[in-house]
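Report on the structure given below.
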Amino acid sequence: MNLSVKINEDSNLKVLEVSGEIDAYTAPELKESLMPLIKEGGNQVEVDLEDVQYMDSTGLGVFVSALKASKESGSHFTLRNVQGRVYRIFEITGLSEIIDIKAAIRGGNE
Amino acid sequence: MEAFDYIEMKVPAKAEYIGVMRLTLSGIANRMSFSYDAIEDLKVAISEAVTNAVEHAYGENESGEITVGFGLYEDRIEIMVADRGGSFNLGEVKSETGPYRSDEPVEKIREGGFGLFLIEALMDEVKINNKYGVMVIMTKYNREEEVDMDDDQISTIQ
């Protein structure tokens, strides 16, 4: 039930590999890793959710904050490899329309 | 009266127990033969309800408990999440809930407020009572059983 966040940086491309479950307990850790990269400005920030099988509204909150901050700082923010169940949460809440999401190839857009 | 099994747990109102409740419910729903997708819906719904209680029911320096009850019926599960805190303004929380509408500018999107909306989207029935603290009672039917019953009927006709 824990979360781990690994950051790979290649000049202004920052990839966050997240694995585990995102809920109210683990979301603060994700937010702490993600927000500074977004706020830096001019970054291409990609959050890889391939190993995230569970996420609830607290995760949505983090990504909404990130989206807002990216508009202000001029960073670009993308989610990739979003798994079917997690993608569904974005879809139900309508956020899949506004956040740049690349779903996982298998069953992501069911 | 309809027979059912009842399980009740009390956990401290702390975020680290949200995952524990999720795993507990997953075990119970699995025992009841809910489908994989239904179990995933239930996990999100209980996490949202427990998260609301953790975040709104008690003050920062206040410690409290959350009571979670599971009613296991033949065709459905009923989940109750209750706190005894007083500071949870339900009207306010409810008015801030709902999906994102595409005419909203990005700056105006709420960061919270998707929790109750998700519970309502993922469960079949949701009742909220806020007389003494807040109590969320939510029900999900076991659709797989319904499908099985229909299958049986079809096979009898044949």
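Please treat every number below as a calculation from the coordinates, not as lab data. Values in this document were obtained by computation on a predicted structure and should not be read as measured data. Note: ideal-geometry Cβ built from the backbone for every residue, glycine included; neighbour counts use all protein chains shown.
Ordered by the number of other Cβ atoms lying within 10 Å of each residue's own Cβ, fewest first, A:K68, B:K10 fall into the sequence B:K10, A:K68.
Globularity index of the protein assembly as shown is 1.07 (Cα radius of gyration / 2.2 N^0.38 Å, N = number of residues). Taking only Cα atoms, what is the 0 to 90° angle, nearest 10, from helix A:57-73's long axis to the longest principal axis of chain A? The answer is roughly 30 degrees. Sorting A:S4, A:S11, B:S47 from the fewest to the most surrounding beta carbons within 10 angstrom yields A:S11, A:S4, B:S47.
Counting beta carbons within 10 Å around each of B:F114, A:F90 and listing the fewest first gives the order A:F90, B:F114. Spacing of the modelled spin labels on A:D10 and B:M9, each 7 Å from Cα toward Cβ, amounts to 4.3 nm.
Counting only DSSP H runs of at least 4 residues, each contributing -39500 (n - 2.57), and dividing by the residue count of the protein assembly as shown, the helix-based mean residue ellipticity at 222 nm comes to -12000 deg cm²/dmol. Give me the net charge for the shell around B:A3: Cβ to Cβ below 15 angstrom, other residues only, Lys and Arg +1, Asp and Glu -1. Charge balance near B:A3 sits at -4. How far is helix A:27-39 tilted off the main Cα axis of chain A, in degrees rounded to 10, range 0 to 90? Roughly 40 degrees, rounded to the nearest 10.
Among beta bridges from DSSP that stay inside the protein assembly as shown, the antiparallel ones total about 65%. The A:T78 and B:D103 beta-carbon pair, evaluated with R₀ = 30 Å, returns a calculated FRET efficiency of approximately 0.80.
Taking a ≥ b ≥ c as the square roots of the Cα gyration tensor eigenvalues, region A:3-103 comes out prolate, since a/c reaches at least 1.5 and a/b is larger than b/c. Taking a 25 Å limit on the Cα-Cα distance, which of the listed pairs A:K68/B:K43; A:K68/B:K127; A:K31/B:K108 fall beyond it? Result: A:K68/B:K43; A:K68/B:K127 exceed 25 Å.
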